[in-house]
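J.: Below you'll find the structure I mean.
The values are calculated or read from the model by the stated rules, or taken from the named source; none is laboratory data. Source: prediction; values computed, not measured. Cβ atoms come from the backbone with ideal geometry, glycine included; neighbour counts cover every protein chain shown.
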Amino acid sequence: MKRILPFVIILLVLGVAIGSGWYLTRVTPGSTTTNPAPASQPSSANEPSRPAPLRGVPGAEPAHTLGPANAPVQLEEFGDFQCPPCGMFHPILEQMHAEFGDKLRITFREFPLVPAHQHAVVAASSAEAAGLQGKFWEMHDLLYEHQGDWKDKMDVAPIFEGYANQIGLNIERWKKDVGSEQVAQRIFLDGKRGHSMGVRGTPTVFINGREVPFESLPAEKLRVVIQSEIAASGSR
């Protein structure tokens with residue numbers, strides 16, 4: 001039964017694919033192409049309105065986070081390791097983490113897009129299994145940094161096992177955990193949270209509970225959003 005469970009997850013998140021097709025055709029961070037901003041981000045000629053934060057149902061706990069819990073800016077990303085725009089957003093988020101330090105807390109949520117991305121669930125499972133040994137972020141970084149090396153391969157298992165070796169995991173435990181109910185449940189709970197917050201594709205980013213328009217994800221624009229939240233909190 002435990003071996004079958006990851007495939008059950010695929011069925012549970014199939015609904016994501018309904019929205020993923022159009023979402024993946026949107027601009028990638030840094031593109032000059034314009035698209036309509038989400039309706040949840042209205043603006044006026046004067047002061048932009050601030051929509052109420054979206055709470056959503058809980059995701060997997062403990063969540064994968066970087067930065068202090070009391071940081072004035074809480075950024076939550078719903079990502080798919082096989083998603084090209086997510087791969088492009090990865091270095092931008094690293095840059096923001098380096099620039100803002102303890103003013104920014106980053107949370108990553110699993111949101112594999114299936115069947116659009118055939119390796120998305122396996123990649124998510126590999127990262128979550130690494131997380132059970134305290135190495136989630138190490139696997140997270142390798143998956144994104146080498147996305148081009150594996151996204152079009154037929155068999156990614158030996159590649160991911162190589163990453164697990166590279167970051168010093170107990171390989172036998174990691175291979176067992178990849179197909180475990182515990183890992184499957186974490187992916188399911190993150191997906192459930194995403195659905196409850198209206199996530200339809202990746203990367204979807206929330207800052208202090210408010211969705212950041214896709215067009216605001218390039219570094220120069222995201223930096224302004226973060227600075228604005230810091231100023232609004234009264235932090236220096």
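J.: Considering only residues that are among the hydrophobic types (A, V, I, L, M, F, W, C) and in a loop (DSSP other than H, G, I, E, B), look in region 59-87 and name the one that is surrounded by the most Cβ atoms within 10 Å (Cβ to Cβ).
T.: Residue satisfying both the conditions and the ranking: Phe81.
J.: I've got another one for you. Could you list, in sequence order, all residues of region 216-236 that are under 23 Å from Phe81 (Cβ atoms) and either of a type in the set (Asp, Glu) or within 14 Å of the chain's Cα centre (by Cα) (or both)?
T.: Leu217 - this is the single residue of region 216-236 that is under 23 Å from Phe81 (Cβ atoms) and either of a type in the set (Asp, Glu) or within 14 Å of the chain's Cα centre (by Cα) (or both).
J.: Taking the options Ala120, Ala124, name whichever one is closer than 14 Å to Cys83 by Cβ and in contact with a Leu (Cβ under 8 Å, 6 or more places away or on another chain).
T.: None of the other options fit; the residue is Ala120.
J.: Among the residues that make up region 33-50, is at least one of them among the hydrophobic types (A, V, I, L, M, F, W, C) and modelled with pLDDT of 95 or more?
T.: no
J.: Follow-up. Can you tell which of Val183, Val199 is part of a helix (DSSP H, G or I) and either in contact (Cβ under 8 Å) with a residue 12 or more places away in the chain or buried (at least 19 other Cβ atoms within 10 Å of the Cβ) (or both)?
T.: Val183
J.: Which condition does Gly234 not pass, out of (1) of a type outside the set (S, T, N, Q); (2) modelled with pLDDT under 95; (3) under 22 Å from Leu113 (Cβ atoms), if it passes all the others?
T.: All conditions are met except number (3).
J.: Can you find, within region 107-143, the residue that is modelled with the lowest pLDDT among those that are among the small types (Gly, Ala, Ser) and more than 19 Å from Ile159 (Cβ to Cβ)?
T.: Taking the candidates together, the pick is Ala116.
J.: Right, next: Being of a type in the set (A, V, I, L, M) and either in contact with a Cys (Cβ under 8 Å, 6 or more places away or on another chain) or farther than 10 Å from Ala130 by Cα (or both) is the filter; apply it to region 140-180 and report the residue that is surrounded by the most Cβ atoms within 10 Å (Cβ to Cβ).
T.: Ranking the qualifying residues of region 140-180, first place goes to Leu143.
J.: Same structure again: Can you name every residue in region 149-166 that is closer than 9 Å to Ser126 by Cβ and among the charged types (D, E, K, R)?
T.: Glu161
J.: State yes or no: is Phe78 over 23 Å from Ile167 (Cβ atoms) and touching a Gly at 6+ places or on another chain (Cβ under 6 Å)?
T.: Yes, satisfied.
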